[in-house]
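Visitor: Sharing a structure below in C-alpha cells format, with a few things to ask.
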Amino acid sequence: MPPDRAPDDVEPGDLPGIVRPRETLRLVGHAEAEAAFAEGIASGRLHHAWLIGGPAGIGKATLAYRVARRLLADPDGVSHAPGLDIAAGDPVTAKIAALSHPNLVALRRHRVPTAKTLPTRIPVDAVRKALELFGSTAGNAGYRICIVDSAEDLNANGANALLKMLEEPPPRALFLIVSHAPGRLLPTIRSRCRALALRPLDAGAVAAVVSGFPPPFPAPSAEALARAADLSEGSVARAVAMLDPAMQGLVAEMETLLSRADHPDWGRVLKLADKLAGREAEPLFAAGLETVERFVSAELHRRRAEPPARLAALVEVCEKFGRTAREAATYNLDRRPVVLSLFADLAGAVRTG
C-alpha cells in the first residue's frame, strides 16, 4: 500500500493511490536489463555510471531503485540469491522508500514545504549538495549511490557538476541516471555511462502492472484495462491516465469526431475546443494529439493503395497540428484555434482523398 505522505510531499508523475518507484519491489518486464545489472554485481565489475533510457512510465526508475536496494542490502553479493530481488522485510527497503539510507541520494524535482509548485528544474545547488555523499566514506565499505530521475530535469550547471563527478568517480560509487530522451543529454555525460535502453512494455505487461496495484487504487474492469493497455504505447503511467473517466470521455469524443472528419459537427468541435483550452487540460490535450496521430496512421494504412501524393495532405495536417500544439504550449497560447484549425484542415484532406 502507498505510504501516507505529507501534503507537501509532491514529485513529478505522482498518481493518487499508486506507489512511487522507490516504494515498490516489483518490476514487470525488462529481464535483460535486470540481468545486465545482476551480471555486473556478481562479477564485481559493475560500471560506475549507467544511463537508463526509454519512454516515460515504463519502469526505468523502478529498475534503478531495485539495483540500489540490492547493492545496499548486500554490496558483495554474498547473502542474496542471484538477481535483484531482496526480501520485503529487509531494513534497506524502508530506508530507500523514505530516502533515508545514508549511502543513497536521489536527485529529483520535488516540492519543498515553502513552495506552492514543483520546480521546473533540478538546480546546481541541489546537485552539489547531493554529490557531497561521495566525499564521505560509505558505511560497511559498501556502495554510495546517486539516482538521477530524470536527467532532463538538470539545469546546465547541474549537468556539468554531475559530469565532473562522472569523470573522476571515487571507489564504490554508482550513478544510475534515468533519462526519457538520452539523445538530448550532454555527449560527455553519455560517453561516460554504460547505456541501457529499455523498450516499452507490451500491452499484457502493462495490464499486469496496473492490475497489481494495491488498494486504494480502484480495480478497473477487464474491458477498461484492456483498452487502456492498448492505448498506453507501453507506458504504465499512460495506461493509468487512460483509466481516468475524463480521459476516457475525451478520447471517445475525439474518435467520434475524427470518424466524421469529412463533415465536422462544428457544435461538438467547439465544445471540444473549449474543454481543451484551459491550462489544467494539458493531459487531455496531449491525449487528443495522440488520438489524432492514431487516426492519421490508421487512415494512411487504410488508404495505402492510393498514390502517395494523395496521402501527403493527411501527413501535413498531422504535422501542422503537432507543431501548432507545441507552439501553444511554449508560448502559452489559446488552444481553441489549434483545435478548430485541425478539424478544418482534416475536412479538406479527407475529402481530397
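The values are calculated or read from the model by the stated rules, or taken from the named source; none is laboratory data. Since the model is a prediction, treat every value here as computed from it, not as a measurement. Neighbour counts are summed over all protein chains in view; Cβ atoms, including those assigned to glycine, are modelled from backbone coordinates with ideal geometry. The area values use the complete protein model at the heavy-atom level, side chains included, leaving out ligands, DNA and RNA. Shrake-Rupley method; radii C 1.70, N 1.55, O 1.52, S 1.80 Å.
Visitor: Two-decimal Rg/Rh of the stretch 83-197 from alpha-carbon positions, Kirkwood Rh? All intermediate terms of the calculation are to be shown ahead of the outcome.
Guide: Values: Rg = 14.8 Å, Rh = 15.3 Å.
Radius of gyration over Kirkwood radius for the stretch 83-197 works out to 0.97.
Visitor: Another question, then. Apply the a/c threshold of 1.5 to the C-alpha gyration tensor of the stretch 85-151 and tell me whether it is rounded, prolate or oblate. Before the final figure, lay out each step's value.
Guide: Values: a/c = 2.45, a/b = 1.47, b/c = 1.67.
Since a/c reaches 1.5 but b/c is at least a/b, the shape of the stretch 85-151 is classed as oblate.
Visitor: Percent antiparallel among DSSP beta bridges with both residues in the chain, to the nearest 5? Can you show the working numbers first?
Guide: Values: 0 of 21 bridges.
Taking every DSSP beta bridge with both residues in the chain, the antiparallel ones total about 0 percent.
Visitor: Could you tell me the center-to-center distance, by alpha carbons, between the stretch 236-253 and the stretch 210-224 in angstrom?
Guide: With the stretch 236-253 and the stretch 210-224 each reduced to a Cα centre, they are spaced 14 Å.
Visitor: Per 5 Å bin, what is the whole-percent P(r) computed from every C-alpha pair distance within the stretch 249-353?
Guide: Histogram of Cα-Cα distances, whole percents per bin: 2, 13, 25, 26, 18, 10, 5, 1, 0.
Visitor: Which whole-number value in Å² is the accessible area per residue of the stretch 277-353, probe 1.4 Å?
Guide: Values: 4270 Å² over 77 residues.
Accessible area per residue, the stretch 277-353: 55 Å².
Visitor: Sticking with this one: Leu154's amide H: which non-local residues (gap 5+, or another chain) put their own amide H closer than 5 Å, with H modeled 1.01 Å from N in plane and none for Pro or chain starts?
Guide: Ile122
Visitor: Assign one of three labels to the stretch 24-111, namely rounded, prolate or oblate, based on the Cα gyration tensor with a ≥ b ≥ c the square roots of its eigenvalues; rounded applies when a/c is under 1.5, prolate when it is not and a/b is larger than b/c, and oblate otherwise.
Guide: Details: a/c = 1.45, a/b = 1.09, b/c = 1.34.
The shape class here is rounded.
Visitor: Still on this model: Scan the stretch 212-317 for trypsin sites (Lys or Arg not before Pro) in coil per DSSP, keeping those whose Cβ has at most 16 other Cβ atoms within 10 Å, and list them by number.
Guide: Values: sites: Arg227, Arg238, Arg260, Arg268, Lys271, Lys275, Arg279, Arg294, Arg302, Arg303, Arg304, Arg310; in loops: Arg260, Arg303, Arg304.
Here the sparse-neighbourhood loop sites are Arg260, Arg303, Arg304.
Visitor: Moving on to the next point. With every protein chain kept in place and ligands, DNA and RNA left out, what is the accessible area per residue of the stretch 106-173? Probe 1.4 Å, answer in Å².
Guide: 54
Visitor: Suppose we keep just the DSSP beta bridges with both residues in the stretch 59-204; what percent of those would be antiparallel, to 5?
Guide: Values: 0 of 12 bridges.
Of those bridges, close to 0 percent are antiparallel.
Visitor: Just flag the trypsin sites (Lys or Arg not before Pro) in the stretch 106-184 sitting in loop per DSSP whose Cβ has no more than 12 other Cβ atoms within 10 Å. Each step should come with its number before you reach the end.
Guide: Working: sites: Arg108, Arg109, Arg111, Lys116, Arg121, Arg128, Lys129, Arg144, Lys164, Arg172, Arg184; in loops: Arg109, Arg111, Lys116, Arg121, Arg172.
For trypsin sites (Lys or Arg not before Pro) across the stretch 106-184 that sit outside H, G, I, E and B with at most 12 neighbouring Cβ atoms in 10 Å, the list reads Lys116.
Visitor: In the P(r) worked out for the stretch 286-328, what percent of Cα pairs fall beyond 13 Å? Could the numbers behind the result be given before it?
Guide: Working: 481 of 903 pairs.
Counting pairs separated by more than 13 Å, the tail of P(r) holds 53 percent.
Visitor: Run the helix sum for the chain: -39,500 (n - 2.57) per DSSP H stretch of 4+ residues, divided by residue count, reported at 222 nm to the nearest 500 deg cm²/dmol.
Guide: On the way: 14 runs with 172 residues, N = 353.
Calculated from helices alone, the mean residue ellipticity at 222 nm is -15000 deg cm²/dmol.
Visitor: Inverting the mean 1/r over all pairs of different Cα atoms, compute the Kirkwood radius of the stretch 166-284 and quote it in Å. Walk me through the intermediate numbers first.
Guide: Details: mean 1/r = 0.0558 Å⁻¹.
One decimal place: 17.9 Å for the Kirkwood radius.
Visitor: Given (1) 20.2; (2) 20.8; (3) 22.5 as candidate values of Kirkwood radius over Cα pairs in Å, which corresponds to the one derived from the coordinates?
Guide: (3)
Visitor: Taking loop as defined by DSSP and a crowding limit of 10 other beta carbons within 10 Å, which trypsin sites (Lys or Arg not before Pro) in the stretch 20-104 fit?
Guide: Here the trypsin sites (Lys or Arg not before Pro) that fit, given the DSSP loop and packing criteria, are Arg45.
Visitor: Mind checking the dipole of the stretch 105-210: about its Cα centre, +1 per Lys or Arg Cβ, -1 per Asp or Glu Cβ, Debye to the nearest 20? Could you put the intermediate results ahead of the total?
Guide: Details: 15 positive and 8 negative charges, 23 e Å.
That gives the stretch 105-210 a dipole magnitude of about 120 debye.
Visitor: What is the magnitude of the charge dipole of the stretch 275-337 about its Cα centre, with +1 placed on the Cβ of each Lys and Arg, -1 on the Cβ of each Asp and Glu, and no other charges, expressed in debye to the nearest 20?
Guide: Details: 12 positive and 10 negative charges, 34 e Å.
Value, rounded to 20: 160 debye.
Visitor: Excluding Arg26 itself, calculate the net charge of residues whose Cβ lies under 13 Å from the Cβ of Arg26, where each Lys or Arg counts +1 and each Asp or Glu counts -1. Write out the running numbers ahead of the final one.
Guide: On the way: positive: Arg20, Arg22, Arg66, Arg69; negative: Glu23, Glu34, Asp85.
Neighbour charge sum, excluding Arg26 itself: +1.
Visitor: If you average the sequence gap of Cα pairs under 8 Å that are 6 or more apart and divide by the length of the chain, what percent do you get for the contact order? Walk me through the numbers before you get to the answer.
Guide: Details: 470 pairs, mean separation 61.2, N = 353.
Relative contact order of the chain: 17 percent.
Visitor: Report, in debye and to the nearest 20, how large the dipole of the chain comes out about its Cα centre when Lys and Arg carry +1 and Asp and Glu carry -1 on their Cβ.
Guide: Details: 43 positive and 41 negative charges, 121 e Å.
Using Cβ point charges on Lys, Arg, Asp and Glu, the chain gives about 580 debye.
Visitor: In the stretch 19-162, what percent of the accessible surface is made up of carbon and sulfur (1.4 Å probe, ligands and nucleic acids excluded)? Don't skip to the end; give the middle numbers.
Guide: Working: 3410 of 6480 Å².
About 53 percent, which is the carbon plus sulfur part of the accessible surface.
Visitor: If the cut-off is 29 Å between C-alpha atoms, which lysines fall inside it for Lys275, apart from same-chain ones fewer than 8 positions away?
Guide: Partners found: Lys116, Lys320.
Visitor: Considering the dipole of the stretch 164-316 built from charges on the beta carbon (Lys and Arg +1, Asp and Glu -1) around the Cα centre, which of Gly212, Ala281, Leu258 is farthest to its positive end?
Guide: Going by the Cα projections, it comes out as Gly212.
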